[in-house]
Amino acid sequence: MNRKQLLAALMLGIGAVGASKAQTNDFGNPKLVHFLNKEHTRFISFSGYAELWARYSQLNPGSLVNNEEVGSVSDLSLRRIRAKMTYKPTEHLYFVLQMGPTNVNVNSKTNTYMDLLDAYAEYSFSPKIAFGAGRSTWRGLSRFTTGPQATLLYDLPLYATSNTGVTDMVVREMSAYIKGQLGRFDYRLVLADPYTASMSDPQLNKATFSKNEAQKDVSGYFRYAFFDKESNETPFNAGTYLGKKKVLSLGAGFEYMHNALWHADATQAVHQDDMKSVAIDLFYDAPLNKEKGTSISAYGMAMHNDYGPNYLRFSGTNNPATGVAAANASLNGAGNALPTAGTGNTFYAQLGGTLPYFSEKNHNIQLQPAVSVQLANYEALKDNSAIYDAGVSLLFHGNSSRLTFDAQNRPIYTLNAANEGVVTDHKWAFVLKYRIDFN
């Protein structure tokens, strides 16, 4: 590098820092953004985060770890690592590129990749209407369907991304979307190409995802803001604002895939099944005492899913098991798998809030306890499913540096004498998560 190139690089770095001073992150540092014009309407920015898990899990019956049947496991893992670049070369054009691995644990020794996650462009005609296309998490149905951002507990409930790994890749699909805000009304409509779900041949009176060509995945989500409006710049929705905003948001959404599943009847005739889901939810986040830093955050959701007769999926987040001994297995399957989705109704509620700052002089450190419950009545199970979470977060710098402890209780299902799925046991999982953001 010659002297002129070195001087140019230094000037660019100084300009980037100087232009960023108007915006700071939770750490009080300038954001990683370089503005391309004096009006700050064009920019390039960098952000990301990492989530480290330390975990102890009671495993489902028959679970194998390296071919040994064990009842529990403790491990360290990286739940998510993300590196993101956003580029806005004009006032109307916006491009996002995001990469990172997911679920890096002892089972991923030879398959840890820096996956391409998001790569999409968006053109905004006005705040009322914007169009985008590419690979992304833009989709409808419910508030948390797009994945995590500032979660109240250690992770999102699995019902929210129930088809992940089946029709998508890490909640991503190739899609085109339209979105906008009309006053207090916020909307998004998405048309996506799902990945082919080669699951199984048609089963008797039990829907499974078809091996046929995947049909379009159509979804939408609509919400109304009664108080402060929320940003729709990205597909993600916050799980908590820590009382920095006063939000009451009523939302409703849908998702539809034609002939996504199939099943066989008693005559071996094959029937095609549509995937149809609708949901309604309510989110509330508001300060209680701004001087003390106290706030409340609450969320409630009701969802109806129709995948076809007796469809049911069990899955486990960041599953530590490598298999299951069929002779001792439950319906849950291996590791920490629990009922995730199925034909039937799902109800979810969570409640939490921030406690007073640890000191009047230090407004960075505070506690945020939270609880949640997920209830579901699946057509394929006789007993209803109930999953409970309780945890507390130690916030060092808001949502950008937080340590979360979570205890989860999940049901274990086996077949009774009448071949019905009933709850015969419960298992616990304890997760200590640290998340740090950079932006």
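Coordinate-derived values only; no laboratory data. Remember, predicted model here, so these are calculated numbers, not experimental data. Note: ideal-geometry Cβ built from the backbone for every residue, glycine included; neighbour counts use all protein chains shown.
Structure summary
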quantity: P(r) of the stretch 271-371 over all Cα-Cα pairs, binned every 5 Å from zero, in whole percent; calculated: 2, 10, 13, 12, 12, 13, 12, 9, 8, 5, 3, 1, 0, 0
quantity: Neighbour-limited loop hits for GluC sites (Glu not before Pro), the stretch 60-124 (at most 13 other Cβ within 10 Å; DSSP other than H, G, I, E, B); calculated: Glu91
quantity: Gyration tensor (alpha-carbon) shape descriptor, the stretch 324-369, a/c threshold 1.5; calculated: oblate
quantity: Neighbour net charge for Phe227 - beta-carbon separation under 14 angstrom, K R +1, D E -1; calculated: +2
quantity: 10 Å Cβ shell holding at most 10 others, DSSP loop, trypsin sites (Lys or Arg not before Pro): longest site-free stretch of the chain; calculated: 110-289
quantity: Surrounding net charge for Gly335, when Lys and Arg each add one and Asp and Glu each subtract one, Cβ distance under 14 Å; calculated: 0
quantity: Cα-based shape type of the stretch 141-198, given that a ≥ b ≥ c are square roots of the gyration tensor eigenvalues and the cut on a/c is 1.5; calculated: oblate
quantity: Ranked Leu158, Leu59, criterion: other C-beta atoms within 10 Å, fewest first; calculated: Leu158, Leu59
quantity: Cβ-based exposure ranking for Glu233, Glu51, in which fewest neighbours within 10 Å come first; calculated: Glu233, Glu51
quantity: Partners for Lys88 among aspartates and glutamates (Cα-Cα distance below 16 Å; same-chain residues under 8 apart left out); calculated: Glu39, Asp118, Glu122, Glu233
quantity: Orientation-averaged projected area, Cα convex hull of the stretch 129-170 (nm²); calculated: 3.9 nm²
quantity: Debye intensity ratio in log₁₀ form over the Cα atoms of the stretch 334-406, taken at each q of 0.12, 0.27, 0.28 Å⁻¹; calculated: -0.49, -1.16, -1.20
quantity: Average silhouette area of the stretch 214-332, convex hull of alpha-carbon atoms, in square nanometres; calculated: 12.3 nm²
quantity: Candidates Leu248, Leu116, Leu338, ranked by Gaussian network fluctuation over the chain, Cα under 10 Å, top entry; calculated: Leu116
quantity: Span from the the stretch 405-424 Cα centroid across to the the stretch 120-175 one, whole angstrom; calculated: 30 Å
quantity: Listed residues Phe131, Ser142, Leu182: farthest to the positive end of the dipole of the stretch 116-187 (Cβ charges); calculated: Leu182
quantity: Net dipole in debye of the stretch 395-439 [+1 Lys, Arg Cβ; -1 Asp, Glu Cβ; about Cα centre; nearest 20]; calculated: 200 debye
quantity: Where GluC sites (Glu not before Pro) fall in DSSP loop in the stretch 356-439, at most 16 other Cβ within 10 Å; calculated: Glu360, Glu420
quantity: Interchain or long-range residues, amide H under 5 Å from Val324's placed H; calculated: Leu64
quantity: Debye, to nearest 20: dipole size of the chain, +1 on Lys, Arg Cβ, -1 on Asp, Glu Cβ; calculated: 1820 debye
quantity: Burial ordering of Trp53, Trp428, Trp138, fewest other beta-carbon atoms within 10 Å first; calculated: Trp428, Trp53, Trp138
quantity: Lysines with Cα under 18 Å of Lys206, excluding same-chain neighbours fewer than 8 positions away; calculated: Lys276, Lys382
quantity: Extreme residue, positive dipole direction of the stretch 373-439, given options Val431, Ser385, Ala418 (C-beta unit charges); calculated: Val431
quantity: Stokes-Einstein D for the chain, Kirkwood Rh over Cα pairs, 10 °C, 1.306 mPa s (µm²/s); calculated: 68 µm²/s
quantity: Candidate aspartates and glutamates for bridging to Lys211, where Cα separation is under 19 Å - those fewer than 8 sequence places away on the same chain excluded; calculated: Asp168, Glu173, Asp193, Asp201, Asp265, Asp273, Asp274, Asp306
quantity: Calculated [θ] (222 nm, deg cm²/dmol) that DSSP helices of n ≥ 4 give over the chain, each run adding -39,500 (n - 2.57); calculated: -1500 deg cm²/dmol
quantity: Above-threshold pairs, the threshold being 30 Å between Cα atoms, out of Lys31/Lys216; Lys84/Lys433; Lys31/Lys128; calculated: Lys31/Lys216
quantity: Leading residue at positive end of dipole, the chain (Cβ point charges), from Ala269, Met99, Tyr113; calculated: Met99
